[in-house]
């Protein structure tokens, strides 16, 4: 436990630089608190994606890329020992931030151009209930890179670690169209 707390403290320190170099901005909730999302506008570079609501996302489409504030989430969930309860704590944090994300997109100067939101994660259980659709990245190199960069997050957030669970982990894209975001959370 002390090791995890030390790593998280160090990570928290370097997170400020990460925020700056990745050009991310916080989303503020209606209570003037920071949501668990940090975002930036991006051009999509992957294969064409057809979402269930009919939205087609193609190369160079404008998307809002979401990054979870992982160090904050892990710090808040660290005290919960039960894996199911920990998952629920994380799920609720994300769910409570979704309306703020929708308002951010709605009020953004490029709202008309934004087709949807995109994220990539290794922890993707329950995302369909939030309205996200999953897709595997096509590039093996990108998938390996994301596996390498997100694996420490997985290790810090897991309550128990086994080779069986590690082998199941794979980076997954999460997509949601702007219309679905507005319909579900505005």
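Where a number appears in this text, it was derived from the coordinates with a stated rule and is not lab data. Note that the structure is a prediction, hence the values are computed from the model and not measured. Every residue, glycine among them, receives a Cβ derived from its backbone with ideal geometry; neighbour counts consider all protein chains shown.
For the reader, a short list of remarks on this structure follows.
- Computed lengthening from residue 59 to residue 92, 0.36 nm per intervening residue step minus Cα-Cα distance: 8.7 nm
- Our estimate of slack between residue 31 and residue 84, defined as 0.36 nm per intervening residue step minus the Cα-Cα distance, is 16.3 nm.
- Pairwise FRET efficiency - residue 48 versus residue 106, Cβ, R0 = 35 Å, nearest 0.05: 0.85
- In terms of other Cβ atoms within 10 Å, 64, 186 run from fewest to most in the order 186, 64.
- Of 121, 149, the sequence from fewest to most neighbouring Cβ atoms within 10 angstrom is 149, 121.
- Gain on full stretching of the segment that runs from residue 41 to residue 184 - 0.36 nm per residue minus C-alpha separation: 49.4 nm
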